[in-house]
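Below: the structure, in C-alpha cells.
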Amino acid sequence: MKNLKIAIGSDHAGFELKEEIKQKLQELYLEYYDFGTYDKTRVDYPVIAKDIAARVADGKFDRGIIVCGTGIGVAIAANKVRGIRAANCNDIFCAKMSRLHNNANILTLGGRVVGPGLALEIVKTWLETEFEGERHQKRVDMLE
Ligand code: RB5
C-alpha cells in the first residue's frame with residue numbers, strides 16, 4: 001500500500017468507529033492525524049468535516065476519513081470544499097468504485113450503519129485502490 005498521510009475525524013456518533021479505524025491505520029503503518037472528536041460528548045459534524053476537508057484540499061494530507069452516524073452529514077459538509085470528492089461508502093463495492101472512477105479523496109462512513117469488521121475492510125479497500133484515470137479523469141476534471 002502507498003505511503004499515505006491521512007486526516008481522520010468523527011463526531012460523537014462516529015467516535016467509537018474512528019478509534020477502531022485508527023488502530024487499523026497503525027497496523028498498516030500509515031501516518032495519520034486525528035482531528036477529533038476525542039470523546040462521546042455531542043459535537044457538530046460540519047465543523048470537523050470542514051477542518052479535514054480543508055487539510056486534504058490544501059495538500060497537507062493525501063486522504064481523509066470521516067465518520068458520523070450515517071456518513072451522510074460529513075460527506076455533504078466535506079463536499080462544500082473545492083477540490084474535495086468525498087464518498088459515503090458503507091459497502092466494499094462503493095468504496096472500490098469511489099477510488100477507481102471518482103478518485104475520491106475523502107471516505108465517509110456511518111458508525112451507526114456498519115459494524116467494525118465491515119468498516120475496516122471498507123477502509124482497507126478504499127486505501128489500497130488506485131484511481132483508473134483515462135476516461136474517468138475527464139469526468140473528474142469536470143467536477144471542478
Ligand atoms: C448525530 O446525531 C447525527 O445526526 C450525525 O452523526 C450524522 O449521522 C449526520 O449525518
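Numerical summary
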read-out: Contacts under 7 angstrom Cβ, first residue in the range 13-24 being within 12 Å of ILE65 (Cα to Cα) and free of Cβ contacts under 8 Å to residues at least 60 places away in the same chain, partner outside any helix (DSSP H, G or I) and hydrophobic (A, V, I, L, M, F, W, C), 6 or more apart; value: LYS22/ILE8
read-out: Neighbours by Cβ (under 7 Å, 6+ apart or cross-chain): first from the range 58-71, under 16 Å from GLY111 (Cα atoms); second within 16 Å of the ligand (Cβ to nearest atom) and among the aromatic types (Phe, Trp, Tyr); value: CYS68/TYR45
read-out: Strands (runs of 3 or more DSSP E) contained in the range 60-116 and holding at least 3 residues open to solvent by less than 50 Å² (accessible area, probe 1.4 Å); value: 63-68, 106-110
read-out: ASP44 being under 15 Å from GLY73 (Cα atoms), of a type outside the set (A, V, I, L, M, F, W, C) and touching a residue at least 12 places away in the same chain (Cβ under 8 Å); value: yes
read-out: Selection from the range 97-120 of residues that are in contact (Cβ under 8 Å) with a residue 60 or more places away in the chain and among the β-branched types (Val, Ile, Thr); value: VAL114
read-out: Residue check for LYS124: more than 16 Å from the ligand (Cβ to nearest atom), assigned to a helix (DSSP H, G or I) and among the charged types (D, E, K, R); value: yes
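The values are calculated or read from the model by the stated rules, or taken from the named source; none is laboratory data. Quick caveat: nothing in here was measured; it's all calculated off a predicted structure. Note that we place each Cβ from the backbone using ideal geometry, even for glycine, and neighbour counts take in every protein chain shown. Accessible surface is based on the protein model in full, side chains and every heavy atom, while ligands, DNA and RNA are left aside. Shrake-Rupley method; radii C 1.70, N 1.55, O 1.52, S 1.80 Å.
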